[in-house]
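**Q** Here it is: the structure, laid out below.
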Amino acid sequence: MNSDCLSFRLFFITISLIIIFAPCRAADLTDLKSVESWQNVAPGIWSASLGDMQGELCYTQFAAAPPKHDVLNQLSKPKFPFAPGEITCLVTPDNKIMIRIPTGADEKLYGFGLQLDGIKKSRQVMTLNVDHWSKGGGRTHAPVPFYISSRGYGVFFNTARFLKIYNQVGNRKDSPHNPPEVDRNPPSDEKQPGRWQAQPPGDAVEAQISGNGLEVIVFSGDSMLDVVCRYNLYNGGGALPPLWGLGFWHRVHARFSAGQTRDELKQFEDKDFPLDVIGLEPGWMSKSYPCTFEWQKKRFPDPAKFTRELLDKGIRLNLWENPYISKHSRMYEKMYPLSASHMVWLGIVPDYTMPQARRLLTEQHHQDHISIGISGYKIDEVDGYDFWLWPDHATFPSGVSGEAMRQSYGLLMQNMLYNDLFKQNNVRTYGLVRGSNGAASGYPFAIYSDSYSHEQYITGLSTASLGGILWTPEARSAGTPREWLNRMQTVCFSPMAQLNAWSSGKKPWSYGDVTDSVRDVIKLRMRLLPYLYSAFADYHFKGIPPIRAMILEDGFGELEAKFIAGKLDSETNPYARSKIIEKTDQFMFGPSIMVAPFYESQSVKRQVQLPPGNWYDFYTGKFVGNNKTITVTAKDLADCIPLFVKEGAVIPMLTKAVNQTDKAYSHPLEVRFYGKTNGTFTLYEDDGKTFNYDKGQHRTRHLAVSKDQTGQFKLTENITKKDGPAMFGPIENLKIMTK
Ligand code: GAL
């Protein structure tokens with residue numbers, strides 16, 4: 001764990017302990033008491049601790065970096081979003097700590113991490129347990145216990161406990177906000193005085209844990225986006241991947257050898273497909289499931305030479321691993337006493353809250369991988385389902401509970417690899433992780449899943465953006481060429497453009513008919529590197545998610561939702577429940593591009609909701625509408641992904657696509673301009689590889705497009721900060737897209 005961060009957190013926890021919320025002790029509480037111990041810890045951020053925090057794990061302990069107070073201090077100072085005494089708590093007779101946060105009748109709640117089944121979480125009961133697959137009800141790969149409200153505030157339950165949340169579900173008998181009773185079965189001569197509701201709306205979020213203490217952090221801001229930014233900044237800011245991480249990724253088949261990998265690489269070159277990262281799946285290891293983390297010499301006889309050979313071609317290697325250690329690993333004996341009571345995949349489960357365990361793993365990883373140039377990891381199986389992970393009663397040598405370990409294991413792995421391995425060596429990394437949680441915004445790891453619904457994968461891009469996590473809707477295979485193209489297009493507009501062919505063995509060109517269109521979209525991503533890298537810089541320095549849910553856009557409100565009124569049916573719908581089908585199928589990519597991919601039933605034709613403001617077609621610059629819904633077809637777009645651009649957008653791109661990010665350095669730029677009003681863009685540059693940016697070694701180029709006296713749009717460029725190296729080349733041309 002980062003030591004600055006640790007000392008800050010310890011200080012913070014000590015303060016919290018001093019102000020322990022006395023009325024919430026189990027012994028003297030049978031009913032609601034108001035929470036009064038709110039401490040203003042930064043502008044727009046308040047924390048209160050209930051009960052005894054000693055021995056409780058909080059996610060902020062594992063954040064990548066301490067809060068960015070310098071940035072937070074520049075922000076507005078909104079008021080605490082609740083009236084005094086409005087937030088209450090109690091300890092139940094069976095020792096559960098419960099906090100009750102009031103909500104208004106029309107208030108909508110969003111978030112709770114990577115939820116693939118929808119973005120809106122009002123009127124739901126959720127169990128926030130780390131789980132693979134994301135089947136709904138809260139259990140997911142990254143059940144970040146942070147929600148934002150349409151009223152413009154957010155709440156973070158900073159606890160590594162299982163958390164059960166009743167979002168506006170449940171009616172207290174002492175609440176003045178309950179809806180009136182309605183007789184469900186009035187006699188035929190009486191009119192029903194309103195609609196009987198299977199689920200009468202509740203007036204609060206009630207969250208509970210079984211534990212000794214609970215820290216709750218409230219965020220306020222000028223908008224929902226501002227609330228999300230403050231959450232990210234408080235957790236150390238967003239991740240800034242190396243430039244190569246934003247290129248194209250391809251994972252080869254799990255049993256591929258060095259030779260087979262080499263051959264596949266050659267095909268990328270021959271077929272003119274961009275490629276930056278090759279992912280090796282389990283077969284690179286001498287034994288896997290459980291793992292040794294040592295090279296399988298029959299497949300990779302000289303890993304150092306192989307890695308070097310690839311690096312010389314500009315290709316990075318990413319290694320799959322799960323954390324569970326095989327008897328055949330050379331660290332097994334030493335790790336054994338530092339591991340849990342139970343095994344996973346018959347491998348021991350190290351307790352990575354212990355410095356000795358961290359040292360053992362990172363020394364081995366350094367020696368076998370990092371020293372030869374491995375770029376990062378894919379951390380699998382840290383989200384295991386109840387079957388595959390340790391039971392909740394498993395014990396760990398540090399004394400951390402099995403439950404807290406399950407909630408934070410993915411976070412702990414990111415923390416260890418990022419801080420103890422890569423940061424220590426001043427080399428950036430970008431990788432994957434299958435389980436994460438709160439306070440993770442600073443980690444350059446994208447979450448992925450074995451579930452494979454394209455529609456849900458698109459939803460994931462929005463939900464991830466609300467809780468400081470990155471998500472890749474990776475492509476694996478497809479039933480038809482059209483599906484393949486649609487999936488490849490979505491993934492190219494996500495935090496990580498990855499084809500994961502660990503089992504299917506597919507390549508980007510595996511579906512003949514669409515090969516050119518697939519190549520085009522990967523190349524478009526490469527051309528957009530300057531724009532995308534700056535969007536990630538905004539994530540790091542300002543907390544703005546690079547890929548964002550539409551609800552964070554000004555004036556957008558909600559995506560149109562389809563309300564299907566519940567029809568009583570004693571077998572299939574005995575409570576006449578209604579259904580709301582959300583439309584979470586468009587999202588923002590960087591400051592000004594809105595993406596509306598084709599998918600599933602909308603594979604070649606779909607509707608796009610244009611938020612208020614003028615919007616333009618990315619490819620032609622033509623005005624497409626303002627605050628309305630339009631229909632787009634794959635045919636009209638010549639099989640390109642639907643992209644729309646905001647009024648006044650300035651988009652810096654490479655003049656031509658490159659097949660590797662290394663070639664983007666010093667490459668000349670084209671700046672595109674859309675719309676009729678002036679616009680600006682701040683282009684961010686640094687070395688793209690090290691952490692020197694954290695010491696201020698970066699550069700910004702302010703690009704402004706405005707009309708001159710003759711009414712012509714002109715571009716001016718000013719270098720507003722020049723403390724770091726240049727990254728991209730000179731601007732070669734300004735392309736006015738809207739005629
Ligand atoms: C799965 C993982 C896949 C792939 C596979 C290899 O658990 O989600 O992406 O890595 O393991 O065995």
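**Q** So how much slack lies between GLN267 and MET343, counting 0.36 nm per residue of separation and subtracting their Cα-Cα distance, in nm?
**A** So the extension gain works out to 23.3 nm.
**Q** Provide ASP189, ASP94, ASP617 ordered by accessible surface of protein heavy atoms (probe 1.4 Å), highest first. Walk me through the numbers before you get to the answer.
**A** Details: ASP189 130, ASP94 95, ASP617 20 Å².
Ranked list, largest accessible area first: ASP189, ASP94, ASP617.
**Q** Quick one: what are the phi-derived ³J(HN,Hα) couplings along the stretch 519-532, Karplus 6.51/-1.76/1.60 with θ = phi - 60°, whole Hz, x for glycine and proline?
**A** Along the stretch 519-532, the couplings run 4, 4, 6, 5, 5, 5, 4, 5, 5, 7, 3, x, 5, 5 Hz.
**Q** So who's got an amide H within less than 5 Å of the one on LEU75, skipping anything under 5 residues away but keeping other chains? H placed 1.01 Å off N, in plane.
**A** For LEU75, whose amide H was placed from the backbone, there are no distant partners under 5 Å.
**Q** Can you check what the net charge comes to around HIS365, using other residues whose Cβ is under 14 Å from the Cβ of HIS365 (Lys, Arg +1; Asp, Glu -1)? Before the final figure, lay out the partial values.
**A** Numbers: positive: ARG330, ARG358, ARG359, LYS378, LYS423; negative: GLU294, GLU321, GLU363, ASP368, ASP420.
With Lys, Arg at +1 and Asp, Glu at -1, the neighbours total 0.
**Q** Can I ask one more? What FRET efficiency would be calculated for the residue pair HIS702, LYS628, taking the C-beta separation as r and a Förster radius of 41 Å, to the nearest 0.05? Before the final figure, lay out the partial values.
**A** Working: r = 33 Å, r/R0 = 0.80.
Efficiency for this residue pair is about 0.80.
**Q** So, one more: Considering just Cα atoms, how many Å³ per residue does the convex hull of the chain enclose?
**A** Spelled out: Cα convex hull of the chain, divided by residues, is 171 Å³.
**Q** Residues in the stretch 360-392 near a label at ASP302, defined as backbone nitrogen under 12 Å from the 7 Å Cα→Cβ point?
**A** none
**Q** Within the stretch 624-640, name every residue whose backbone N is under 16 Å away from a label modeled 7 Å from Cα of GLN607 along the Cβ vector.
**A** Residues 626-633 qualify, since their backbone N sits under 16 Å from the label point.
**Q** Taking a 1.4 Å probe, which of ASP70, ASP687 shows the most accessible area, and what order do the others take after it?
**A** Heavy-atom accessible area, descending, gives ASP70, ASP687.
**Q** Non-local amide H neighbours of ASP203 (under 5 Å, H modeled in plane, Pro and chain starts lacking H): which ones?
**A** ARG172
**Q** With the full set of protein chains in place, find how many percent of the accessible area of the stretch 652-736 is carbon and sulfur; take the probe as 1.4 Å.
**A** Accessible surface attributable to carbon and sulfur in the stretch 652-736 totals 50 percent.
**Q** Separate question: List the chymotrypsin sites (Phe, Trp or Tyr not before Pro) in the stretch 31-80 that DSSP assigns to loop (not H, G, I, E or B) and whose Cβ has at most 11 other Cβ atoms within 10 Å. Which are they?
**A** Filter output for the stretch 31-80: empty list.
**Q** Continuing with this model, one more query. May I ask you to order 332-345, 351-364, 175-188 by the average number of other C-beta atoms within 10 Å around their residues, highest value first?
**A** Top to bottom by mean Cβ count within 10 Å: 351-364, 332-345, 175-188.
**Q** Using 7 Å Cα-to-Cβ label points, what is the ASN678/ASP636 separation (nm, one decimal)?
**A** The answer from the label model is 3.4 nm.
**Q** Cα centroid distance between the stretch 168-203 and the stretch 483-533, in Å?
**A** About 51 Å separates the Cα centre of the stretch 168-203 from the one of the stretch 483-533.
**Q** Show me, bin by bin at 5 Å from 0, the whole-percent P(r) of the stretch 652-736 based on Cα pairs.
**A** Percent of Cα pairs in each bin: 3, 14, 23, 21, 17, 12, 6, 3, 1, 0.
**Q** Using the crude model of +1 on Lys and Arg Cβ and -1 on Asp and Glu Cβ, and no other charge, please compute the dipole size for the chain relative to its Cα centre, in debye to 20.
**A** Details: 82 positive and 77 negative charges, 279 e Å.
Here the size comes out at about 1340 debye.
**Q** Check LYS121: other-chain or 5+ apart residues with amide H under 5 Å from its amide H, H built from backbone geometry?
**A** Close amide H contacts, sequence-distant or interchain: LEU109, TYR110, GLY111.
**Q** Let me ask something else. Which order do you get for ARG548, ARG262, ARG195 if you rank them by accessible area with a 1.4 Å probe, largest at the top?
**A** Largest accessible area first, the list is ARG195, ARG262, ARG548.
**Q** Then there is this: Can you tell me the FRET efficiency between THR690 and GLU190 if r is taken as the Cβ-Cβ distance and R0 is 51 Å, rounded to the nearest 0.05?
**A** So the FRET efficiency works out to roughly 0.10.
**Q** For ASP226, what charge total do you get from the other residues with a beta carbon under 15 Å from its beta carbon, if Lys and Arg give +1 and Asp and Glu give -1?
**A** Spelling it out: positives minus negatives among the neighbours equals +3.
**Q** A further question on this structure: For ASP94 and ALA576, what is the calculated FRET efficiency with R₀ set at 45 Å and r taken between the beta-carbons, to the nearest 0.05?
**A** Here the calculated transfer efficiency is 0.85.
**Q** Go through the stretch 548-555 residue by residue and turn each phi into a ³J(HN,Hα) via Karplus (6.51, -1.76, 1.60, θ = phi - 60°); whole Hz please, and just put x for glycine and proline.
**A** Values, residue by residue: 9, 5, 4, 5, 8, 7, 4, x Hz.
**Q** Pulled fully out, how much extra length does the chain show between SER34 and TRP133, if you take 0.36 nm times their separation in residues and subtract their Cα-Cα distance?
**A** 31.9 nm
**Q** What pairs in LYS96/LYS173; LYS108/LYS164; LYS108/LYS622; LYS108/LYS605; LYS135/LYS164 have C-alpha atoms more than 24 Å from each other?
**A** Beyond 24 Å: LYS108/LYS622; LYS108/LYS605.
**Q** Quick one: Cα centre-to-centre distance for the stretch 115-153 and the stretch 607-631, in angstrom?
**A** Rounded to whole Å, the Cα centres lie 30 Å apart.
**Q** What whole-number value in Å² describes the accessible area per residue of the chain for a 1.4 Å probe?
**A** I get 38 Å² per residue for the chain.
**Q** Oh, and also: For the chain, what does -39500 (n - 2.57) per DSSP helix run (n ≥ 4), summed and divided by total residues, give at 222 nm, in deg cm²/dmol to the nearest 500?
**A** -5500 deg cm²/dmol
**Q** Pairs LYS77/LYS120; LYS271/LYS506; LYS676/LYS735: which are spaced more than 23 Å apart, C-alpha to C-alpha?
**A** Working: LYS77/LYS120 27 Å; LYS271/LYS506 14 Å; LYS676/LYS735 13 Å.
Over 23 Å Cα-Cα: LYS77/LYS120.
**Q** Under the definition of Cα pairs under 8 Å and six or more residues apart, what whole-number percent is the relative contact order of the stretch 347-497?
**A** Worked out over the stretch 347-497, it gives 18 percent.
**Q** I've got another one for you. For ALA198 paired with TYR619, estimate the spin-label separation in nm (one decimal), with each label point 7 Å from Cα along the Cα-to-Cβ line.
**A** Going by the 7 Å Cα→Cβ label model, 4.3 nm.
**Q** May I ask you to compute the full-extension gain from GLU333 to ARG151, defined as 0.36 nm times their residue separation minus their alpha-carbon distance, rounded to one decimal in nm? Could the numbers behind the result be given before it?
**A** Values: separation 182, 0.36 × 182 = 65.52 nm, distance 5.43 nm.
Between GLU333 and ARG151, full extension yields an extra 60.1 nm.
**Q** Further question: Across the stretch 289-294, in residue order, what do the Karplus-derived ³J(HN,Hα) couplings come to in whole Hz, using 6.51 cos²θ - 1.76 cosθ + 1.60 with θ = phi - 60° and x for Gly and Pro?
**A** Here the 3J(HN,Hα) series is 6, x, 10, 9, 6, 9 Hz.
**Q** Calculate how many DSSP beta bridges within the chain are antiparallel, expressed in % of all such bridges and rounded to the nearest 5.
**A** 75
The values are calculated or read from the model by the stated rules, or taken from the named source; none is laboratory data. Bear in mind that the values here come from a model prediction, so they are computed numbers and not experimental data. A quick note on method: Cβ atoms are made from the backbone with ideal geometry, for glycine too, and the neighbour counts reach across all protein chains shown. The area values use the complete protein model at the heavy-atom level, side chains included, leaving out ligands, DNA and RNA. Shrake-Rupley method; radii C 1.70, N 1.55, O 1.52, S 1.80 Å.
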